[in-house]
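A.B. asks: Here it is: the structure, laid out below.
Please treat every number below as a calculation from the coordinates, not as lab data. Nothing here was measured: the structure is a model prediction, and the numbers come from that model. Cβ atoms come from the backbone with ideal geometry, glycine included; neighbour counts cover every protein chain shown.
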Amino acid sequence: MEESGGTTEKIGERIYKQRKRKRLTQQELADKMYIPKSTISAYENNKVDIKGSVITELSRHLETTPNYLLGYETSNNSFVNEALELLQSIKDEKVQEILIVQIKTITNKLEDTEERRRLHG
């Protein structure tokens, strides 16, 4: 699980943070899930164990992944998670080096383009 400020971040904290990122109230999330607001509060305060099927539903409504809510992923950005998974699957060191060079080249080109836009309005 991810460490956050020296303490392990619990599922309730991740649910709360993601709900806030999505600008949902507890009541709005509860309405989407057809459950009482008090249940969302219990989840966020780690007062109850959450079934796997509920974690899946929560992640869908919060537009994240069950693995993020469970603390197995440090990012709730699906692009970052997918890219990381793909990169970790590459074992050939030469291919890794080529990809790093390509990623840096693309990043530099994007930064140059943004800089030109900023300078030339």
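A.B. asks: If you take the beta carbon distance between residue 48 and residue 87 as r and set R0 to 41 Å, what does 1/(1 + (r/R0)^6) give as a FRET efficiency, to the nearest 0.05?
C.D. replies: Working: r = 37 Å, r/R0 = 0.89.
Taking R0 as 41 Å, the efficiency between residue 48 and residue 87 is 0.65.
A.B. asks: Additional query: Roughly speaking, what is the centre-to-centre gap between region 51-121 and region 11-30 when only Cα atoms are used, to the nearest Å?
C.D. replies: 22
A.B. asks: Still on this model: Counting other C-beta atoms within 10 Å, which of 116, 23, 14 has the fewest, and how do the rest follow? Could the numbers behind the result be given before it?
C.D. replies: Working: 116 10, 23 7, 14 24.
Neighbour counts put them in this order, fewest first: 23, 116, 14.
A.B. asks: Compute a Gaussian network model of the chain, connecting alpha carbons closer than 10 Å, and tell me which residue from 91, 109, 37 fluctuates the most.
C.D. replies: In this elastic network of the chain, the residue with the biggest mean-square fluctuation among 91, 109, 37 is 109.
A.B. asks: Moving on. By how many degrees, between 0 and 90 and to the nearest 10, does the Cα long axis of helix 52-61 differ from the longest principal axis of the chain?
C.D. replies: Rounded to the nearest ten degrees, it is 60.
A.B. asks: Return one number: the angle in degrees, 0 to 90 and rounded to the nearest 10, between the long axis of the Cα atoms of helix 11-21 and the longest principal axis of the Cα atoms of the chain.
C.D. replies: Taking Cα atoms only, the helix is inclined about 70 degrees.
A.B. asks: Next question. With the chain treated as a Gaussian network of Cα nodes joined by springs under 10 Å, which of 57, 85, 93 yields the largest mean-square fluctuation?
C.D. replies: Result: 93 has the largest fluctuation of those listed.
A.B. asks: Here's a follow-up. Scan [x] 14.0, 48; [y] 19.3, 56; [z] 14.8, 48 for the value of Rg and Dmax of the Cα atoms in Å calculated from this model and give just the label.
C.D. replies: Identified label for the calculated read-out: [y].
A.B. asks: Please turn the phi angles of region 91-106 into ³J(HN,Hα) values with the Karplus equation 6.51 cos²θ - 1.76 cosθ + 1.60 (θ = phi - 60°), one per residue in order, whole Hz, x for glycine and proline.
C.D. replies: These are the phi-based 3J(HN,Hα) values: 9, 6, 5, 5, 5, 4, 4, 4, 5, 4, 4, 5, 5, 4, 4, 4 Hz.
A.B. asks: Divide by every residue of the chain the summed helix terms, -39500 (n - 2.57) for each DSSP H run of at least 4, and state the resulting mean residue ellipticity at 222 nm, rounded to the nearest 500 deg cm²/dmol. Walk me through the intermediate numbers first.
C.D. replies: Working: 7 runs with 81 residues, N = 121.
For the chain, the value works out to -20500 deg cm²/dmol.
A.B. asks: Have a look at 105, 64, 56 and tell me which one the Gaussian network model of the chain (Cα, springs below 10 Å) gives the largest fluctuation.
C.D. replies: 105
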